[in-house]
Amino acid sequence: MAIRLYNTLTRGKDDFVPIDAGNVRMYVCGPTVYDFAHIGNARPVIVFDVLFRLLRHLYGEAHVTYVRNITDVDDKINARAARDYPGVAPVAAIRDLTEKTYAQFEQDVTDLGCLKPTVTPRATEHIAEMIAIIERLISGGFAYVAEGHALFHVPAMADYGKLARRSLDDMMAGARVEVAPYKRDPMDFVLWKPSSDDEPGWDSPWGRGRPGWHIECSAMSWKHLGETFDIHGGGVDLVFPHHENEVAQSRCAFHKDVMANIFMHNGFLQVEGEKMSKSLGNFFTIRELLDDWPGEVLRFNMLKTHYRQPIDFTIKGLEDGWKTLDEWHEKIQALHLAEFWEAPPVEVIDALCDDLNTPLVMANLHSLASRADGDEEARRGLARSMRLVGLLGKTVQPVFDRSEEVQLAIANAQQLQALFREQKKQKTDAVLAKGGVSEATVKALIAARLDARKAKNFAESDRIRDELAAMGVVLKDTKNKDTGEIETSWDVKR
RNA sequence: GGCCACGUGGCGGAGUGGUGACGCAGCGGAUUGCAAAUCCGUGUACGGGGGUUCGAUUCCCUCCGUGGCCUCCA
């Protein structure tokens with residue numbers, strides 16, 4: 001099955017044909033690490049993680065290179081570092097800040113079920129590559145130096161604006177920015193800019209300075225993926241100017257017709273129907289949400305919507321996902337480890353291959369789940385699909401994603417099932433803890449209710465049931481087939 | 001102002017030029033002391049207006065609405 005991907009360059013779905021099937025190469029613009037990442041930042045990370053997983057499935061794990069950069073120098077970072085690390089040398093200060101912030105980001109996205117990219121390069125470790133590209137651009141007549149800046153001269157590139165589909169005239173008409181006097185053309189953008197002594201800076205042929213916004217990605221993709229590569233991804237807000245300018249830099253530096261063959265952009269996220277913003281009070285960091293919801297629930301919620309559509313992130317959606325994943329985990333938990341490893345059903349792969357149609361994948365998973373009782377192939381299909389898209393959960397998914405030792409240690413179905421149960425218990429405990437309720441209290445109340453029931457004191461048993469319900473505990477009565485006794489199991493409700 | 005997306009039932013959300021997925025919620029039934037859970041069954045939709053067509057939710061135009069970019073925000 002061939003992959004088809006919506007390509008911003010062509011505004012249509014293109015067949016994906018890798019430049020080298022032995023090394024499929026993808027670059028995604030990563031976070032600017034100056035503070036906690038918010039849930040909007042999580043969308044591209046999750047979306048391109050799914051693509052990474054699909055590519056690994058189709059081409060083999062050893063044949064896909066996924067680069068997600070770390071932007072660790074930028075004016076917001078510089079300002080935050082100056083504030084938080086007074087007295088520390090600027091370059092050391094941003095390093096301290098960004099290492100701390102990136103560690104947090106890495107933990108966040110790991111909890112969201114994302115694989116580690118093959119390479120996570122840092123901008124500040126690619127200054128030499130940036131300088132090399134800028135020198136090529138200058139010698140090629142695409143860039144110039146003025147007042148300590150190196151600038152890309154946009155009119156020097158014939159088809160600038162191709163990605164964003166903007167003509168220079170359009171942009172001129174909409175321009176509202178004050179143009180720096182040293183620019184030859186209002187559209188020219190900075191490749192390198194001078195730093196004062198209290199700003200981070202590196203030596204360059206144009207004096208001590210720091211990179212412009214876009215050059216880092218040209219440098220890092222070049223270093224790790226080559227002059228051209230297969231897929232370049234990021235949020236739709238990056239189409240212009242970020243990706244447009246990256247394309248200009250890389251193509252002009254290397255004299256290529258393309259930087260990447262396919263550009264993919266995920267849509268934006270809203271929260272409860274409104275734009276997420278601090279002033280509206282609906283601004284959520286990934287960490288805050290992870291305090292209340294398992295990572296796989298956040299991931300599920302994200303994948304319910306196609307990546308190019310705007311997504312409305314809601315509590316109701318999370319509750320829905322919590323319930324659904326609980327059911328699905330329940331259905332697959334008794335399977336053997338080996339049963340997870342086979343290829344997922346063709347309809348799931350086909351849906352993923354059609355421009356990552358994850359909502360259709362979800363529909364297919366619902367179908368598999370509804371048939372799972374009594375249809376072992378459907379049950380296995382559900383398990384394999386959930387493994388592929390990373391929905392097995394915080395405790396179980398790493399068995400398949402990260403740790404060969406763990407896999408070897410899990411010799412039988414019982415051990416894997418124990419992990420599923422541990423995962424479920426952790427989720428349950430977390431909810432009870434939030435409500436300040438202990439499991440012992442729940443069990444005592446359930447026992448008291450059963451006693452009342454046996455005594456036909458239904459008023460009392462119903463009162464206890466209501467009391468438990470108020471704690472978020474839902475009861476399920478079942479009749480033991482052998483003894484005829486009523487037995488009560490329970491679960492937490494979100 | 002310029003450019004670009006999107007607008008499907010109560011909610012979420014696929015898809016398609018011709019008998020309208022799927023999930024949640026709702027409703028009816030089985031079950032239950034009553035519930036919950038489970039199982040079975042079930043209704044409602046393609047923003048407005050034009051046009052193309054035998055036929056449009058699907059193609060074209062326009063209007064309205066929402067969002068994005070044009071200000072280093074995924």
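The values are calculated or read from the model by the stated rules, or taken from the named source; none is laboratory data. All figures in this text were calculated on a predicted structure; none of them were measured in a lab. Glycine gets a Cβ as well: all are built from the backbone with ideal geometry, and neighbour counts include every protein chain shown.
When restricted to residues that are at pLDDT 90 or above, of a type in the set (Gly, Ala, Ser) and within 13 Å of RNA strand B (Cβ to nearest atom), the range A:135-171 contains 1.
Every residue, every condition in (1) under 27 Å from A:GLU319 (Cβ atoms); (2) surrounded by fewer than 21 Cβ atoms within 10 Å (Cβ to Cβ), yes or no:
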{"position": "A:GLN333", "(1), (2)": "yes, yes"}
{"position": "A:ASP350", "(1), (2)": "no, yes"}
{"position": "A:LEU360", "(1), (2)": "yes, yes"}
{"position": "A:LEU382", "(1), (2)": "yes, no"}
{"position": "A:ARG387", "(1), (2)": "yes, no"}
{"position": "A:PHE420", "(1), (2)": "yes, yes"}
{"position": "A:THR428", "(1), (2)": "yes, yes"}
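The listed residues are A:LEU352, A:LEU360, A:LEU356, and the only one of them that is under 15 Å from A:VAL389 (Cβ atoms), within 12 Å of RNA strand B (Cβ to nearest atom) and assigned to a loop (DSSP other than H, G, I, E, B) turns out to be A:LEU356. When restricted to residues that are of a type in the set (Asp, Glu) and within 12 Å of A:VAL473 (Cα to Cα), the range A:433-453 contains 1. In the set (1) buried (at least 16 other Cβ atoms within 10 Å of the Cβ); (2) free of Cβ contacts under 8 Å to residues at least 60 places away in the same chain; (3) more than 8 Å from RNA strand B (Cβ to nearest atom); (4) closer than 20 Å to A:LEU55 by Cα, A:HIS306 fails one condition alone, (3).
Filtered by the rule that a residue be of a type in the set (Val, Ile, Thr) and either touching a Cys at 6+ places or on another chain (Cβ under 6 Å) or more than 7 Å from RNA strand B (Cβ to nearest atom) (or both), the range A:309-323 gives a lone residue, A:ILE315. Scanning the range A:137-158 for residues that are surrounded by fewer than 17 Cβ atoms within 10 Å (Cβ to Cβ), out of contact with any Lys or Arg (no Cβ under 9 Å at 6 or more places or on another chain) and not in a strand (DSSP E or B) yields A:SER139, A:GLY140, A:GLY141, A:GLU147, A:ALA158. If the condition is being assigned to a helix (DSSP H, G or I), more than 16 Å from RNA strand B (Cβ to nearest atom) and not acidic (Asp, Glu), then the range A:424-466 contributes A:LYS425, A:GLN426, A:LYS427, A:ALA430, A:LEU432, A:ALA433, A:LYS434, A:GLY435, A:ALA440, A:THR441, A:LYS443, A:ALA444.
Please tell me if A:GLY40 is in a loop (DSSP other than H, G, I, E, B), within 9 Å of RNA strand B (Cβ to nearest atom) and either outside the structural domain of A:LYS275 (by TED's automatic domain parsing) or over 15 Å from the mean Cα position of the chain (by Cα) (or both). No.
Quick check on the range A:232-246: of everything there that is more than 8 Å from RNA strand B (Cβ to nearest atom) and assigned to a strand (DSSP E or B), which residue is nearest to the chain's Cα centre (by Cα)? Explain how you work it out, then say what you get.
First, pick out the residues of the range A:232-246 that are more than 8 Å from RNA strand B (Cβ to nearest atom): A:232-233, A:243-246.
Filter once more, keeping what is assigned to a strand (DSSP E or B): A:232-233.
Working: A:HIS232: 15, A:GLY233: 12 Å.
Per the criteria, the residue is A:GLY233.
Quick check: is even one residue across the range A:218-231 crowded, with 20+ Cβ neighbours inside 10 Å, touching a residue at least 12 places away in the same chain (Cβ under 8 Å), within 11 Å of RNA strand B (Cβ to nearest atom) and in the same structural domain as A:LYS13 (by TED's automatic domain parsing)? No, every residue in the range A:218-231 fails to be crowded, with 20+ Cβ neighbours inside 10 Å, touching a residue at least 12 places away in the same chain (Cβ under 8 Å), within 11 Å of RNA strand B (Cβ to nearest atom) and in the same structural domain as A:LYS13 (by TED's automatic domain parsing).
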